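Worksheet: the structure to be examined is printed underneath.
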Amino acid sequence: MDTELLIAARQGDESRFAHLLGLEDNKSQITIDTDKRRIARDEPDFLLGVTYTGNSLLHLAASSNFLDLAAKIWRRETSLLVTPNKVLETPLHCAAKNGNREMASFFIGFAYQMGEEDIMEEVLRARNKDGETALHEAARHNHAAVAELLITADPRLASVTDEQGISPFYLASSLGYLDVVHEMVQGFIRIEENRIEVSKAYYAGPDGQTALHAAVLRSKEMTEKLLTWKPLLAKLSDNGGSTPLHFVASYGYDKIAEVLLKCDHSLAYLHDSCGSFPVHVAAKMGHVRVIEEIMYGCPDSDELLDARGRNFLHVAAQEGRYLVVWLICRTTSKHKSMKNARDNDGNTPLHLAMDSGHEWTVEHLMQDKEVSINISNKKDLTLRDQSALATFNDKTIFPKFQRVNFWVEKSMEMLGAYYGARRWDQFVDDHTTKEDEEKENEKLSSAIQTIGLGSVLIATATFAAAFTLPGGYRADDHPESGSPTLADKYAFKAFLVSDALGFFFSFHSTMLLLFCAVTSSGPHLKKHFVSLALQFIIWASRCTTISFALAIYVVSGSSNIFLGLLVVFVGCVVIQYNVVRREIRLAHMVISARQGWKKLFQNKLPEATLRYCRAAWCRYARFNIIYLAEFCLPAVLTVVVPLIQDLVLLIVGRVWDIGTAVVAYIN
């Protein structure tokens, strides 16, 4: 095709386009012109030229909305109306894609004038390479007027799906085009008034979905419009058995869930091919408001079980959706049956939460007094057994850093939870896996490198801080030249102590790791040294935090006292965070919520269990005391050492003065 002609079409210059073709209004017939830029119209089939992509002159006229030219071109070459380009698009596809309703109307009128039924079908139902009709293009590009025109011209056109099984109605719904959906719904209503059945093909989507599956994910208005037209859509499921309510529950659209349930509350009782009801899907994704909507419309939804015999609390517990668990646990007796329900394997929600390692979910369930901690599953494992099992095979280098196992085991122990009825030694032997020495050495080597990097970093920082003191040094003309400027301040002395402690702890940690790396000892001894090194680096990090806060406080001076205090406060908050502290807090919360501290030692347990429980409490109290001593050690040393130093200097000074006075008296 001529380049000038293509440029004129792209620029929308209709007069230039007509001039180049020689189809101006004052031309009654095609004549040869002396203008060299015009197409040689004396050559045969000059109107049949195409672009590189196969677009004919009628395609270009349709895309540029050249109405009069399109009519003249069609009159001279009617075959162009059904001639496709390389992607099998006809001029009607181009008109629908660009929203040219008048152009599309012209093409439909041209087809009627040709008078052949086959031509009509060939024009209106022509498909591109993806199997899409002009109605698909109108729906995709949000051209409601063109869609209305096409449905009016051929009511059955809406039932033509593409290669993926997508109808134009589903396409418009999935894109959220409310105007197109409205026009198509009105068209369907007219079709039904003419006693033409609107089959599933009219609203079909991929994988057996309907237009409502897409509409519920787009807007409330669109959902209401579809339900008003055909309420049956709400019950139709896709190939996986999922209804639109399943889709809504998956995304958490509670307002649309309310609309669906008002239309038909029985939707909550339809399960998918895996046996999951909408409430299970909402619980799996943690959408509390959708669950509340379902439970409001269907109060017995807590009794619905999936294919594995699980209610939605089982699903939420396994997935770690603690907000859903909290929703159920905050009701004292309304959902009591759910809390201790057993699935096909005998697992309660607490079993599943512990298996999955979701800490907050376990905490919420254990705090609920109605949740039993002594139920066993079909493997005869109680919750105490399950917690112990995880502890057996947990090869954590530092046992206090275990996630759920540590505080759960302690809580179970102090609450007097039962083990299963079996020989404990056999149970331990059966469920303890043999330690792989090679893998254990690899893990220890990785831990040594990681911890060593941290210890060296802290040692370097604290060593440098000792010689780049805050405030600098006194000048040479001062009587105490070379001494620190802020040496007389208590906060400065505390800074020196904490900095020195940080260096000593980190350096000692580095030496332990160095010894551990070069020794040929077994994994158990190496693990002991790594554990010690980790404890020392924890102390070093606290001392470093304290020294940094004190340095800021010292240099801020009296004019910025509030800034200095703020930094010290933030430093204290930072050093408060500790994994062990978190474990202790969780255990405290569970015990106080279930029993309260005053009821812990009431004789409601068997004598042997009570004695064991009290012994556990003694061990727990000792652990807390040791932890507090370790935690406070850096701060105590930082505070006390400068005071001791000042006290010693004061005593020495007084003794020296007394001695000097005695010597002077004798002499």
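Values quoted throughout were computed directly from the atomic coordinates according to the rules given, and no laboratory measurement underlies them. This structure is a prediction, so every number in the text was calculated from the model and none was measured. Neighbour counts run over all protein chains shown; Cβ positions are idealised from the backbone, glycine included.
Numbers at a glance
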| quantity | calculated |
| --- | --- |
| Residue order, fewest to most surrounding Cβ atoms within 10 angstrom, among Ile375, Ile189, Ile451 | Ile189, Ile375, Ile451 |
| Centroid-to-centroid separation of the range 243-293 and the range 158-205 [C-alpha atoms, Å] | 25 Å |
| Ellipsoid equivalent to the range 315-361 - semi-axes via the Cα gyration tensor, in Å | 16, 14, 7 |
| Sum of side-chain charges, Arg310 neighbourhood, beta-carbon under 15 Å (Lys, Arg +1; Asp, Glu -1) | -2 |
| Burial order of peptide ranges 651-660, 128-137, 91-100 (average beta-carbon count within 10 Å, highest first) | 91-100, 128-137, 651-660 |
| Residues His358, His528 arranged by fewest to most Cβ contacts within 10 Å | His528, His358 |
| Largest to smallest principal axis extent of the C-alpha atoms in the range 178-315, angstrom | 50, 25, 21 |
| Residue order, fewest to most surrounding Cβ atoms within 10 angstrom, among Trp407, Trp424 | Trp424, Trp407 |
| Too-long pairs where the Cα-Cα distance tops 21 Å, listed order kept, from Lys235/Lys262; Lys339/Lys379; Lys334/Lys379; Lys225/Lys262; Lys339/Lys378 | Lys334/Lys379 |
| Normalised per residue, the volume of the convex hull around the Cα set of the range 337-381 (Å³) | 64 Å³ |
| Equivalent ellipsoid dimensions for the range 113-230 as semi-axes, Å, which come from the Cα gyration tensor, largest first | 23, 16, 13 |
| The range 95-168 - convex hull of the alpha-carbon atoms, volume per residue in Å³ | 76 Å³ |
| Sum of side-chain charges, Ser242 neighbourhood, beta-carbon under 10 Å (Lys, Arg +1; Asp, Glu -1) | -3 |
